[in-house]
Amino acid sequence: MRPIPALALTFSLVALPALAQDARQIERMIEGRHGLMTLMAYELGKLGGMAKEETPYDAEVAGDAASNLSALASVLSPELFPKGSAVGEAEDSEALPAIWEKPDDFAQKISDMEEAAAKMQAAAGTDLASLQGAMRDLGAGCGSCHETYRQKD
């Protein structure tokens, strides 16, 4: 056997498990961020229903939902979006390549979301008007990130 093909074969046998591990890690990160977003949407649904007056305002339910949302938002981070997890690169991903093209802006939007969730936590259990005011900022935070960094359905 010639040295270069043997070296290439050796490298591929060593690298393939690492590549498979990387692919599995990316899958786990996508699953994690989907789970996190699903939980956030669940809590937002409670708050949104009250803000739109589709469901009666309940200070305890609103406060609990906002606390949960704030805790979930604190876990959201750019690390959940590793390179290789964009639309077309990974199954079930809605992440646009702009995430990695503008990482500082993406990180800022996550930070803004965390701040808006903390403000919601402070406001939600106070009264309906406070919840509605905080919901506008929270919705704007979610929307600005989704408009720029998430593939439209």
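The values are calculated or read from the model by the stated rules, or taken from the named source; none is laboratory data. Quick caveat: nothing in here was measured; it's all calculated off a predicted structure. We place every Cβ from the backbone using ideal geometry, glycine too, and count neighbours over all the protein chains shown.
Laid out as a table, the results:
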quantity: Scan of segment 72-86 for residues that are touching a residue at least 24 places away in the same chain (Cβ under 8 Å) and out of contact with any Lys or Arg (no Cβ under 9 Å at 6 or more places or on another chain), ordered by number; calculated: LEU72, ALA73, SER74, VAL75, SER77, PRO78, GLU79, PRO82, GLY84
quantity: Residue within segment 23-36 that is in contact with a helix residue (DSSP H, G or I) (Cβ under 6 Å, 6 or more places away or on another chain), among the charged types (D, E, K, R) and at pLDDT 95 or above present; calculated: no
quantity: Flag for ALA65 being within 19 Å of GLU147 (Cα to Cα) and either assigned to a helix (DSSP H, G or I) or hydroxyl-bearing (Ser, Thr, Tyr) (or both); calculated: no
quantity: Whichever residue in segment 64-82 is farther than 16 Å from GLU115 by Cα and touching a helix residue (DSSP H, G or I) at 6+ places or on another chain (Cβ under 8 Å) and, among such residues, is surrounded by the fewest Cβ atoms within 10 Å (Cβ to Cβ); calculated: GLU79
quantity: Tally, over segment 96-153, of residues that are in contact (Cβ under 8 Å) with a residue 60 or more places away in the chain, over 24 Å from GLU60 (Cβ atoms) and of a type in the set (D, E, K, R); calculated: 0
quantity: Count - residues of segment 72-98 that are modelled with pLDDT of 95 or more and on the phi > 0 side of the Ramachandran plot; calculated: 0
quantity: Restricting segment 112-153 to residues that are at pLDDT below 95 and among the polar types (S, T, N, Q), the residue that is surrounded by the fewest Cβ atoms within 10 Å (Cβ to Cβ); calculated: GLN151
quantity: Among the residues listed as GLY32, GLY49, GLY45, the single one being closer than 23 Å to ILE99 by Cα and either without any contact (Cβ under 8 Å) to a residue 60 or more places away in the chain or among the aromatic types (Phe, Trp, Tyr) (or both); calculated: GLY32
